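Colleague: Could you have a look at this structure, given as structure tokens, before my questions?
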Amino acid sequence: MSDKDPSIKPWGGRFTEATDQFVERFTASVSFDQRLYHHDINGSLAHAAMLAKVGVLTTDELSKIQEGLEEIRAEILSGRFEWSVSLEDVHMNIEARLTDKIGITGKKLHTGRSRNDQVATDIRLYLRDELALIVTELSRLQQGLITLATREAHTIMPGFTHLQTAQPVTFGHHMLAWNEMLERDYSRFQDCAARLNQCPLGAAALAGTTYPIDRHYSAELLGFDRPTENSLDSVSDRDFAIEFAAAASLLMTHMSRFSEELVLWTSAQFKFIELPDRFCTGSSIMPQKKNPDVPELIRGKVGRVNGHLVSLLTLMKSQPLAYNKDNQEDKEPLFDIIDTVKDCLKAYADMVPAITVNGDVTREAAMRGFSTATDLADYLVRKGLPFRDAHEVVGKSVAYGIAENKDLSEMSLAELQTFSTDIEHDVFDVLTLEGSVNARDHIGGTAPKQVLAAAERALARLNLRG
């Protein structure tokens with residue numbers, strides 16, 4: 001058979017000339033979809049077992065297919081498998097190799113199946129496994145945050161709004177805020193995993209098959225909850241990939257917010273924390289530099305993940321039912337999102353528990369900016385002053401402090417009483433940083449005992465995941 005014979009393609013019977021070499025390379029996906037090989041083989045094993053169950057394949061044919069596919073898996077794992085662009089994709093490469101190994105029986109594997117439902121199944125299987133790895137790393141990062149929060153539950157730092165000093169909080173409380181973001185991310189990934197866990201196998205090209213297949217059996221063998229309901233939707237649906245990309249974009253947005261704070265906190269202007277040297281780099285010209293490259297890079301990588309989400313949304317926005325070649329463009333964005341998210345989670349899961357907090361520096365920073373001003377206003381309200389009047393009194397006392405370069409806690413009782421005669425000696429119980437954070441003694445509050453209790457609850461949620 002010559003290279004120009006169109007029948008060298010599995011679909012070549014209808015064609016009278018060979019595929020243009022550029023078009024062959026342009027339309028091929030094997031360079032990137034070969035990473036689906038493990039799931040493609042698993043899908044084929046389930047499909048073959050189902051065909052044998054309904055009598056389309058004999059027991060001997062099933063055995064040959066199973067042995068052949070496992071040998072191919074071993075070849076790929078060992079690096080001995082030769083991928084061919086002329087065979088377009090992972091599916092046809094494996095099928096062609098199977099036929100080479102076991103002869104005509106290999107050609108029977110595709111009975112009642114199309115590459116359309118095959119790739120839809122492969123991607124779901126692949127993403128399901130990758131999601132499991134992602135949530136494992138996500139949980140490991142959460143473990144690190146909870147550990148750090150527990151360790152620094154009493155460490156006072158300024159809380160910010162508009163990046164201006166607002167009220168005192170603790171470093172542990174701040175870490176648990178990050179953990180809450182990640183907890184929502186975990187929930188979204190779990191929801192995504194639940195929705196994608198339906199099996200398209202058996203939808204064939206778009207309209208099902210005339211063979212007496214058992215789709216429930218195929219779904220069961222592959223660990224899916226159930227088969228998909230509609231054959232047209234089965235082969236063309238990529239909602240699960242878009243949903244994953246959206247959840248990943250939110251996760252990366254959260255990690256980018258962490259990164260921005262870490263970059264600020266490591267600067268000489270803040271000096272709140274130290275990152276381990278192994279997660280930083282230096283400068284080729286400035287010998288004193290210690291650059292927070294890992295947080296900076298993660299802050300940058302959110303752009304590529306967000307871009308891939310837009311790419312996937314745009315890919316699907318005008319597609320008619322059912323499958324279209326456009327869908328070949330779903331894999332590279334999806335694969336890159338998966339790789340990026342896993343790398344970023346690993347980096348932070350390794351780095352966060354090793355962060356060193358400069359507690360003296362964070363406490364001194366909380367002393368600047370009149371962070372207990374709201375506590376003074378609340379104190380006056382408890383003395384019977386309307387809040388708006390209390391707000392004005394405190395505003396004047398802050399103006400005086402700015403002029404005299406004094407924090408509220410540094411003013412004498414006589415000075416404070418010039419602004420309100422309701423102020424008494426017990427005011428100093430609320431003007432200290434410790435008094436301020438301990439006063440917010442409620443669930444979700446900054447009191448160290450509440451922070452420790454919140455950390456315990458977070459850890460209990462984490463442990464329930466198994």
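Colleague: Below 29 Å, Cα to Cα, which lysines can K383 reach? Residues fewer than 8 away in the same chain don't count.
Modeller: K396, K406, K449
Colleague: Hey, another quick one. Can you tell me the FRET efficiency between Y217 and T147 if r is taken as the Cβ-Cβ distance and R0 is 60 Å, rounded to the nearest 0.05?
Modeller: Working from the Cβ atoms, E equals 0.85.
Colleague: Considering only F387, F240, L125, whose Cα is most displaced toward the positive end of the charge dipole of the chain, charges sitting on Cβ of Lys, Arg (+1) and Asp, Glu (-1)?
Modeller: Working it through, the farthest residue towards the positive pole turns out to be L125.
Colleague: Then there is this: Output ³J(HN,Hα) for segment 115-127: one whole-Hz value per residue in order, computed from phi by the Karplus curve 6.51 cos²θ - 1.76 cosθ + 1.60 with θ = phi - 60°, and x for Gly and Pro.
Modeller: 5, 5, 6, 5, 6, 4, 6, 4, 5, 5, 4, 5, 5
Colleague: How many nm is it between the label spots at K271 and R457, if each spot is 7 Å from the Cα in line with the beta carbon?
Modeller: 3.7
Colleague: As a test of reading the structure, rank W265, W83 by solvent-accessible area (1.4 Å probe, protein chains only), most first.
Modeller: The ordering from most to least exposed comes out as W83, W265.
Colleague: For T170, which sequence-distant residues (separation of 5 or more, or a different chain) have an amide H within less than 5 Å of its own amide H, given hydrogens modelled in the peptide plane?
Modeller: For T170, whose amide H was placed from the backbone, the distant partners under 5 Å are M157.
Colleague: Below 18 Å, Cα to Cα, which aspartates and glutamates can K271 reach? Residues fewer than 8 away in the same chain don't count.
Modeller: Within the straight-line cut-off, K271 pairs with E152, E260, E261, D293, E296, D360, E364.
Colleague: HN-Hα J couplings of segment 355-363 from phi, Karplus 6.51/-1.76/1.60, θ = phi - 60°, integer Hz, Gly and Pro as x?
Modeller: Couplings: 5, 9, 9, 8, x, 5, 5, 5, 5 Hz.
Colleague: May I ask you to give the solvent-accessible area per residue for the chain, in square angstrom, as obtained with a 1.4 angstrom probe?
Modeller: Each residue of the chain exposes 48 Å² on average to a 1.4 Å probe.
Colleague: For each pair in K64/K107; K317/K342; K53/K107; K301/K342, compute the distance between the two Cα atoms and list the pairs where it is over 20 Å.
Modeller: The pairs that break the limit, which is 20 Å between Cα atoms, are K317/K342.
Colleague: With +1 on each Lys and Arg Cβ and -1 on each Asp and Glu Cβ, and nothing else charged, work out how big the dipole of the chain is about its Cα centre, in Debye to the nearest 20.
Modeller: Charge dipole of the chain: 480 debye, to the nearest 20.
Colleague: In whole angstrom, how far apart do the alpha carbon centroids of segment 140-171 and segment 72-95 sit?
Modeller: About 51 Å separates the Cα centre of segment 140-171 from the one of segment 72-95.
Colleague: On to the next question. Measure off, as a whole percent, the carbon and sulfur share of the 1.4 Å-probe accessible area of the chain, all protein chains present.
Modeller: C and S atoms contribute 53 percent here.
Colleague: Give me the net charge of A28's neighbourhood, meaning all other residues with Cβ under 11 Å from the Cβ of A28; Lys, Arg count +1, Asp, Glu -1.
Modeller: Taking every Cβ under 11 Å from that of A28, the sum is -3.
Colleague: Now for a separate question. Order K449, K271 by their accessible area, 1.4 angstrom probe, all chains in place, largest first.
Modeller: K449, K271
Colleague: Please calculate the 1.4 Å probe accessible area of D100, with all protein chains present, and give it to the nearest 10 Å².
Modeller: Roll a 1.4 Å probe over it and D100 shows about 120 Å².
Colleague: Hey, what does the equivalent ellipsoid look like for segment 324-440, semi-axes from the Cα gyration tensor as sqrt of 5 times each eigenvalue, largest first, whole Å?
Modeller: The three semi-axes for segment 324-440 are 50, 19, 13 Å.
Colleague: Now, a different point. Which value in nm describes the separation of the simple spin-label points at H154 and K406, placed 7 Å from the Cα toward the beta carbon?
Modeller: 3.0
Colleague: Starting from 0.36 nm per residue, how many nanometres of slack lie between R304 and T281 once their C-alpha separation is accounted for?
Modeller: 6.0 nm
Colleague: Give me the distance in nm between label points sitting 7 Å out from Cα along the Cα-to-Cβ direction at D239 and H425, one decimal.
Modeller: About 6.9 nm, to one decimal.
Colleague: On a full-extension model of 0.36 nm per residue, what is the gain between K346 and A414, subtracting their alpha-carbon distance, rounded to one decimal in nm?
Modeller: 18.9 nm
Colleague: For T446, enumerate residues with amide H under 5 Å from its amide H, sequence gap 5+ or separate chain, H modeled in the peptide plane.
Modeller: HN-HN under 5 Å from T446: R440.
Colleague: Expressed in whole Å with the largest first, what are the equivalent ellipsoid semi-axes of the chain derived from the C-alpha gyration tensor as the square root of 5 times each eigenvalue?
Modeller: Largest first, the chain gives 62, 23, 19 Å.
Colleague: Let me test this: with uniform point scatterers at the alpha carbons of segment 21-111, what is the Debye-based log₁₀ I(q)/I(0) at q = 0.19, 0.23 1/Å?
Modeller: Each listed q corresponds, in turn, to -0.83, -1.11.
Colleague: Also: With all protein chains present and a 1.4 Å probe, how do Y400, Y379 order by accessible area, largest first?
Modeller: Y400, Y379
The values are calculated or read from the model by the stated rules, or taken from the named source; none is laboratory data. This is a predicted model, so every value here is computed, not measured. We place every Cβ from the backbone using ideal geometry, glycine too, and count neighbours over all the protein chains shown. What goes into the accessible areas is simple: the full protein's heavy atoms, side chains included, and nothing from ligands, DNA or RNA. Shrake-Rupley method; radii C 1.70, N 1.55, O 1.52, S 1.80 Å.
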